[in-house]
Amino acid sequence: VDIIVLLQLPGIAMQFVAMYLMGATSDVYRHTANTRLNICGKFHNAVAKMMLAEVAFRGIVGDFSSRIEDLQSLTPGLLLSRLKDVFLEVCRDGALQAEEVVNLTCVVFGTMDKDKNG
């Protein structure tokens, strides 16, 4: 029984070091150790994010009535059109040029189109 108690000491020492003696890293460890996992809350959060993403996509493609399977794909031209609307005031003020919006569209679409098939 004494050896089992002694074998636990290195683990306890490491836990103490990780929780209190490693500066900012210890703050992260302590916060993580004290955080309660709420599966129901995480599930509801994930579903809400998926619904928000769907509504946002429907807004981009301008179709709120079709089934998901029937929605058109996002194209670079459609994204450019939406970004021009978003940055209309900034472009009018001269803080952003039309060519910069095109470049932004290329970067954003290229990041989203990982398999390069549009």
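Among the residues of region 34-49, those that are farther than 21 Å from Arg82 by Cβ and open to solvent by 60 Å² or more (accessible area, probe 1.4 Å) comprise Asn34, Thr35, Arg36, Leu37, Asn38, Ile39, Cys40, Lys42, Phe43, His44, Asn45. Here Phe87 does not qualify as modelled with pLDDT of 90 or more and open to solvent by 100 Å² or more (accessible area, probe 1.4 Å). When you check Glu54 against the structure, is it within 19 Å of the chain's Cα centre (by Cα) and of a type in the set (D, E, K, R), yes or no? Answer is yes for this residue. Within the option set Ala18, Ala53, being within 30 Å of Asp85 (Cα to Cα), without any contact (Cβ under 8 Å) to a residue 12 or more places away in the chain and in a helix (DSSP H, G or I) holds for one residue only, Ala53.
Among the numbered conditions (1) under 30 Å from Met19 (Cα atoms); (2) surrounded by 10 or more Cβ atoms within 10 Å (Cβ to Cβ); (3) among the aliphatic types (A, V, I, L, M), the only one that Val61 does not meet is (1).
Looking at Thr105, is it outside any loop (DSSP other than H, G, I, E, B), hydroxyl-bearing (Ser, Thr, Tyr) and exposed (fewer than 11 other Cβ atoms within 10 Å of the Cβ)? No, not satisfied. A single entry from Asp63, Asp27 fulfils the requirement of being outside any helix (DSSP H, G or I), under 25 Å from the mean Cα position of the chain (by Cα) and without any contact (Cβ under 8 Å) to a residue 24 or more places away in the chain: Asp63. Going by what's in this entry, would Gly11 be described as open to solvent by less than 60 Å² (accessible area, probe 1.4 Å) and farther than 30 Å from Thr111 by Cβ? Considered against the rule, which asks whether it is open to solvent by less than 60 Å² (accessible area, probe 1.4 Å) and farther than 30 Å from Thr111 by Cβ, Gly11 comes out as yes.
The values are calculated or read from the model by the stated rules, or taken from the named source; none is laboratory data. Everything numeric here is computed off the predicted structure, so don't read it as measured data. All Cβ positions, glycine included, derive from the backbone under ideal geometry; neighbour counts span all protein chains shown. Heavy atoms of the whole protein, side chains included, go into the accessibility calculation; ligands, DNA and RNA do not. Shrake-Rupley method; radii C 1.70, N 1.55, O 1.52, S 1.80 Å.
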